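Here's the structure, in structure tokens; my notes come after.
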Amino acid sequence: MGVNSGIYKFVLVLHLMAAIAGFGPTLLAPAFGAQAKARRGKEGLAIAEATFNVISKYAEWFIYAVPIFGIVLVLVSDDAVKFSDLWITLSLTLYIVAIGLVHAIHFKNLKRMNALMAELAAGPPP
């Protein structure tokens, strides 16, 4: 097929769109975190929970699609790009490490932070 084929170009567009739709919201998460911190209480909790839900329920699936489309791109490139290329190996390795860290540490921290914000928003115990 090769890198000039319509299939390659179509999968490349899907790959790029998945990267934008997946990593875009995660890049904006710190800005939403700052807004949640500035508002505190129930309003801040709503912002924090909405941000977490968008990232964990929607953006996450696009992030999972990025390497799938990337692998398909390598397969349809007719050896213009190979799995043995250093940048392919490094990018897949970095992706796997990053996903592992997100699931092992980051998501747990975000869930705990949202739970603590919910406790604070509920007010002092009776």
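Could you run through region 24-62 and say how many residues are under 18 Å from Ala121 (Cβ atoms) and either open to solvent by less than 90 Å² (accessible area, probe 1.4 Å) or among the charged types (D, E, K, R) (or both)?
The qualifying residues number 21.
If you take the residues of region 75-90 that are touching a residue at least 24 places away in the same chain (Cβ under 8 Å), open to solvent by less than 90 Å² (accessible area, probe 1.4 Å) and of a type outside the set (Val, Ile, Thr), which of them is nearest to Phe10 (Cα to Cα)?
Residue satisfying both the conditions and the ranking: Ser77.
I'd like to verify a number: residues in region 9-25 that are modelled with pLDDT under 95 and among the aromatic types (Phe, Trp, Tyr), how many?
Adding up the residues that qualify gives 1.
Working only within region 91-110, note down all residues that are aliphatic (A, V, I, L, M) and either open to solvent by 80 Å² or more (accessible area, probe 1.4 Å) or farther than 16 Å from Ile68 by Cβ (or both).
Leu94, Ile96, Val97, Leu101, Val102, Ala104, Ile105, Leu110
The values are calculated or read from the model by the stated rules, or taken from the named source; none is laboratory data. Small disclaimer: the values here were computed from a predicted structure and weren't measured. Every residue, glycine among them, receives a Cβ derived from its backbone with ideal geometry; neighbour counts consider all protein chains shown. Please note that ligands, DNA and RNA were not included when accessible areas were found on the heavy atoms of the full protein model with its side chains. Shrake-Rupley method; radii C 1.70, N 1.55, O 1.52, S 1.80 Å.
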